[in-house]
1. Looking only at 191, 161, 219, which one moves most when the chain is put into a Gaussian network model with springs between Cα atoms under 10 Å?
2. Based on DSSP, what percent of beta bridges with both residues in the chain are antiparallel, to the nearest 5?
3. Taking the beta-carbon count within 10 Å as an exposure proxy, list 225, 235 from fewest neighbours to most.
4. Compute the distance from the alpha-carbon center of the stretch 38-107 to that of the stretch 189-245, in whole Å.
5. Just to be sure I understand: with springs between alpha-carbon atoms less than 10 Å apart, which residue in 128, 85, 185 has the highest mean-square fluctuation in the Gaussian network model of the chain?
6. With +1 on each Lys and Arg Cβ and -1 on each Asp and Glu Cβ, and nothing else charged, work out how big the dipole of the stretch 32-240 is about its Cα centre, in Debye to the nearest 20.
7. Can you work out ³J(HN,Hα) from phi for every residue in the stretch 97-104, in order, using Karplus 6.51 cos²θ - 1.76 cosθ + 1.60 and θ = phi - 60°, giving whole Hz and x for Gly and Pro?
8. Could you work out the local net charge near residue 51, counting Lys and Arg as +1, Asp and Glu as -1, over the other residues with Cβ closer than 13 Å to its Cβ?
Amino acid sequence: MIIMRSLILSAVMCCLLWNVQSCVAQSGERQVAQRLVIENGEHIEMKYLKYLPPAYVSNDEKWPLLLFLHGAGERGDDLEMVKVHGPPKMIDQGRDFPFVVISPQCPENVSWSIETLHALINEIVETHRIDESRIYVTGLSMGGYGSWGLACTYPDLFAAAVPICGGGEPEKAYLMKDIPTWVFHGAEDTAVPLQRSQEMVDALKEAGGDVRFTVYPEAGHVGAWENAYGDPDLWEWLAEQNRSK
């Protein structure tokens, strides 16, 4: 009788353990919801997703940091919306990256706050093992504009920038001439004209910047970032960028 009870208890425990493991596996929570709150003369608050590479917890090495900025359609208070496009979508689908990936969410009806994003990067650098010579920024549409703006405002912070179908202030492009930049845009984009990227690229080239420009002849707005983020060459190039070189 004692043996039978032990067998039954073991079976129940195995079943419970399997259910827990199954729920974890099915949840797909590879990105943790976080909130930045800073009270320093003014109130700064931002929700974001955090992804750590699988090997992050197993060693003491420092890791590159990738900041991803979404487009206008993903603004609001539901972090699940951030997973609709770009790296957060890829991570949610099982893709691993050799970077710590931080994907903030912009509040409804506003654009990216450069100072809040800067505060977020500082917070991550202070609380995680980040290689400060390998901090990258990328974004699409409104996030493309945010990437240009952030890189122009804090050019000494980034090792690379990847703005996709965005734009900026050409007169300020020279400020980020030392940041390796790879720009993407779709020629058939009706939401953000190709000219917005072209004028930034032209200004960077005039300033002697290190810039690549990929135009997809048949791609529209969404197609630009789907093609760009789906290109293995982009991720290989990005991983090679280092401010210490």
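1. 191
2. Around 35 percent antiparallel, to the nearest 5.
3. 235, 225
4. If we compute the Cα centre of each part, the gap is 21 Å.
5. Result for the chain, Cα springs under 10 Å: 128 fluctuates most.
6. Details: 15 positive and 33 negative charges, 34 e Å.
Roughly 160 debye for the stretch 32-240.
7. Couplings: 10, x, 9, 6, 10, 10, 10, x Hz.
8. Spelling it out: positives minus negatives among the neighbours equals +2.
None of the figures in this text is laboratory data; all of them are computed from the coordinates on show. All figures in this text were calculated on a predicted structure; none of them were measured in a lab. As a convention, Cβ positions derive from the backbone with ideal geometry for all residues, glycine included, and neighbour counts pool all protein chains shown.
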